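The next block holds one structure in the form of structure tokens; read it before the comments.
The values are calculated or read from the model by the stated rules, or taken from the named source; none is laboratory data. This structure is a prediction, so every number in the text was calculated from the model and none was measured. Ideal geometry is used to build each Cβ from the backbone, glycine not excepted, and the neighbour counts take in all protein chains shown. Surface accessibility is based on the protein's heavy atoms, side chains included, excluding ligands, DNA and RNA. Shrake-Rupley method; radii C 1.70, N 1.55, O 1.52, S 1.80 Å.
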Protein chains: 2
Amino acid sequence: APPSAGSPSPASVGPSSSDDEMEEAAAETLLRGGDEEGSMRARFEREIRRVQAEVCAALEAVEEVAGAGAGGRFREDSWTRPGGGGGGISRVMQGGAVFEKAAVSVSVVYGVMPPDAYRAARPDAAAAAAGGGGGGGVGEKAGPVPFFAAGVSSVIHPRNPFAPTLHFNYRYFETEAPKDAPGAPRQWWFGGGTDLTPSYIIEEDINHFHSVQKQACDKFDPTFYPRFKKWCDDYFYIKHRGERRGVGGIFFDDLNDYDQETLLNFATDSVIPAYIPIIERRKDTPFTEEHKAWQQLRRGRYVEFNLVYDRGTTFGLKTGGRIESILVSLPLTARWEYDHVIFEMP
Amino acid sequence: APPSAGSPSPASVGPSSSDDEMEEAAAETLLRGGDEEGSMRARFEREIRRVQAEVCAALEAVEEVAGAGAGGRFREDSWTRPGGGGGGISRVMQGGAVFEKAAVSVSVVYGVMPPDAYRAARPDAAAAAAGGGGGGGVGEKAGPVPFFAAGVSSVIHPRNPFAPTLHFNYRYFETEAPKDAPGAPRQWWFGGGTDLTPSYIIEEDINHFHSVQKQACDKFDPTFYPRFKKWCDDYFYIKHRGERRGVGGIFFDDLNDYDQETLLNFATDSVIPAYIPIIERRKDTPFTEEHKAWQQLRRGRYVEFNLVYDRGTTFGLKTGGRIESILVSLPLTARWEYDHVIFEMP
């Protein structure tokens, strides 16, 4: 299955930079007053804030061992949307001893999806809302669709060229009935994934990473890992280069064929055990200027993927999301050489 | 007038990397056998190859004074399209003493434009081909349109943070009659422009650059400079940042309301006098690490514009052009910091 076109990353549908209000400290909840304590919205918000806290703590622990000082600690920016709920908390580390740039962000969005985005995301529901899809096309009569989205997303770029970049994103969507089709069913789905982008292929690390992802998937359903691994390979593809961005991992969207309870924390706990052991092994590997230059060229590819193809980024740029939050995924530095020739390392 | 959506840069509609044949040396002409010696196609090819030679010579002369050696000379890559004419010549300097990365490329393309691209590029001609535009929409019956495109394009990134980046591109298009509407008129137009992107605003330099552009325009038509300056400002706009890419220059497209003779070398001779005096003044300006870091951040913006908005680049990436030629416009290195705060320089 090709990746769905329907679920932009919540981090990127966040507040527009002109509207948002920066806060002194993160609010206890980013939800609107009407959302109940025990609702899936509330429980998923707690889940993503727990993941944010745990991943940041794990990275800071690595920095503390490395004696990084202030550069190795996360700085937090919080914002809320005036009059309506929703907001975000970005935690960014820039200039650690081990991590050059790392961001772990949560956000909650109450928005309205244009009808065509809804049709792309939920073709079956759109057809139902349009009364079965006869006549002038599936769901074309449905109006804008109010939605709720919450997610955690992260990109971690280490300094050492032998230590890989990590990306993960876990999100939950709910739509209300389209405004012109109040009888349509309410929809919900989960999306997300974790993937690894090394500059140098070290099989031990890649095997470890994939085996942790597989274990996390297999606990739920033995079909998950092969499906979500392929989806990841298909999604993180730099078409104009004919290259994948990294060595994959898992990627999924539109996941709603289990009960919400089961899916609430699917795969989020695999992030730390999949990544931190690799960092521990590679953070102090000696390297030369040539290794660093190669890492920089690979980071150029990362920039190309994110600016040209990544759905969350391109959607966010088009819709006026908070630019600093959207582009925090880009590496600190990158490099483009004309017609670079690869020489075998001795 | 908003920029036309119709004229991708010929450099980017060049050969697909799998089809093209690299040549030992540039062919005497990139044209097909059938195109005559005195035709506008032939004369424009000579014009852009002259511009390429002169700009490369001017930059190499700067490098020679700086004692750059081999790093300060252009390397040439030539290719032709098997069986059909068309091809390109890229000249790239990477690692000069003054210029970090500079590329000046010419290319000639014989291609076929999809009907909707033709309608976007030439609405009047498409209407004529459809017999006046009655009934089912303007020009919707026209088939694919064979076209000829030739152009020179260049991006020059100097090392010194006080020396600005230059971009220019001059191109000529011809379309034949749409295949399903042989009676439609043959169309031609010129497009192009030259624009400057400094990291630091130095008024003397910007005034010099614009005054040379204005002089070049005024020789043809006093309305050109104000129109083409505004078009440039509108085009080189990084929407998600609310910033222009640089300080402008001129940009034009669809230019066909003069005789071809007049337009053949419009503005191409202004490149060297507009740019080289600025380089001479700024190439040895002392700078600090902070100046360099700021330049790198500005280069990040250059990457953002080119990968997200530039029509030639995005079109080239989508249509499988030669990647090394398309992305040679990117700077050697770039930088992205989260939430960078600008301090006033003392």
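Of note:
- Entry remark, the stretch B:171-189: residues being open to solvent by 10 Å² or more (accessible area, probe 1.4 Å) and among the aromatic types (F, W, Y) number 1 in total.
- Failed criterion for B:G248 (all others in (1) in contact (Cβ under 8 Å) with a residue 60 or more places away in the chain; (2) within 20 Å of the chain's Cα centre (by Cα) hold): (1)
- Some residue of the stretch B:266-276 being within 14 Å of chain A (Cβ to nearest Cβ) and modelled with pLDDT of 95 or more: no
- Count of the stretch A:145-170 residues which are modelled with pLDDT under 95 and open to solvent by 10 Å² or more (accessible area, probe 1.4 Å): 2
- Restricting the stretch A:314-330 to residues that are touching a helix residue (DSSP H, G or I) at 6+ places or on another chain (Cβ under 7 Å) and more than 7 Å from chain B (Cβ to nearest Cβ), the residue that is farthest from A:L166 (Cα to Cα): A:G321
- If the condition is being over 21 Å from B:V92 (Cβ atoms) and not β-branched (V, I, T), then the stretch B:316-346 contributes B:K318, B:R335, B:W336, B:E337, B:Y338, B:D339, B:H340, B:F343, B:E344, B:M345, B:P346.
- Picking from residues in the stretch A:18-55 that are under 21 Å from A:M113 (Cβ atoms) and at pLDDT below 80, the one that is surrounded by the most Cβ atoms within 10 Å (Cβ to Cβ) is A:D20.
- Figure legend. Inter-residue proximity from the stretch B:274-295: first residues surrounded by 18 or more Cβ atoms within 10 Å (Cβ to Cβ), second residues in a helix (DSSP H, G or I) and of a type in the set (F, W, Y), beta-carbon distance below 6 Å, spacing 6+ or different chains. Indicated pairs: B:A274/B:F209.
- Subset of the stretch A:288-312 (residues that are of a type in the set (S, T, Y) and part of a loop (DSSP other than H, G, I, E, B)): A:T288, A:Y309
- Cβ-Cβ contacts under 7 Å between residues 6 or more apart (or on different chains), taken from a first residue in the stretch A:15-41 that is under 20 Å from A:V152 (Cβ atoms) to a second residue that is open to solvent by 70 Å² or more (accessible area, probe 1.4 Å) and modelled with pLDDT of 85 or more, are listed as A:A26/A:E76.
- Wholly within the stretch A:194-272, helices (runs of 4 or more DSSP H) carrying at least 2 residues that are touching an Asp or Glu at 6+ places or on another chain (Cβ under 8 Å): A:224-235
- The stretch A:60-111, residues that are in contact with a Leu (Cβ under 9 Å, 6 or more places away or on another chain), open to solvent by 20 Å² or more (accessible area, probe 1.4 Å) and within 14 Å of another protein chain (Cβ to nearest Cβ): A:F74, A:Q94, A:G95
Each row is one residue, and each column tells you yes or no for (1) part of a loop (DSSP other than H, G, I, E, B); (2) not hydrophobic (A, V, I, L, M, F, W, C).
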| position | (1), (2) |
| --- | --- |
| B:P277 | no, yes |
| B:P286 | yes, yes |
| B:G321 | yes, yes |
| B:I342 | yes, no |
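- Scanning the stretch A:245-263 for residues that are open to solvent by 10 Å² or more (accessible area, probe 1.4 Å) and out of contact with any helix residue (DSSP H, G or I) (no Cβ under 6 Å at 6 or more places or on another chain) yields A:G246, A:D254, A:N256, A:D257, A:Y258, A:D259, A:E261, A:T262.
- Of the residues making up the stretch A:296-346, those that are surrounded by fewer than 18 Cβ atoms within 10 Å (Cβ to Cβ), over 30 Å from A:V109 (Cβ atoms) and among the charged types (D, E, K, R) are A:D339, A:E344.
- Selection status of B:D180, at pLDDT 95 or above and acidic (D, E): no
- For the stretch B:190-213, a tally of residues being farther than 20 Å from B:I250 by Cβ and either polar (S, T, N, Q) or open to solvent by less than 20 Å² (accessible area, probe 1.4 Å) (or both) returns 1.
Condition check ((1) β-branched (V, I, T); (2) more than 9 Å from chain B (Cβ to nearest Cβ); (3) closer than 30 Å to A:G87 by Cβ) across all residues:
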| residue | (1), (2), (3) |
| --- | --- |
| A:L255 | no, yes, yes |
| A:I279 | yes, yes, no |
| A:F287 | no, yes, no |
| A:H291 | no, yes, no |
| A:R298 | no, yes, no |
| A:E304 | no, no, no |
| A:L332 | no, no, yes |
| A:D339 | no, no, no |
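- Enumeration of residues in the stretch A:223-244 that are more than 27 Å from A:A53 (Cβ to Cβ) and either within 14 Å of chain B (Cβ to nearest Cβ) or open to solvent by less than 10 Å² (accessible area, probe 1.4 Å) (or both): A:Y237, A:I238, A:K239, A:H240, A:R241, A:G242, A:E243
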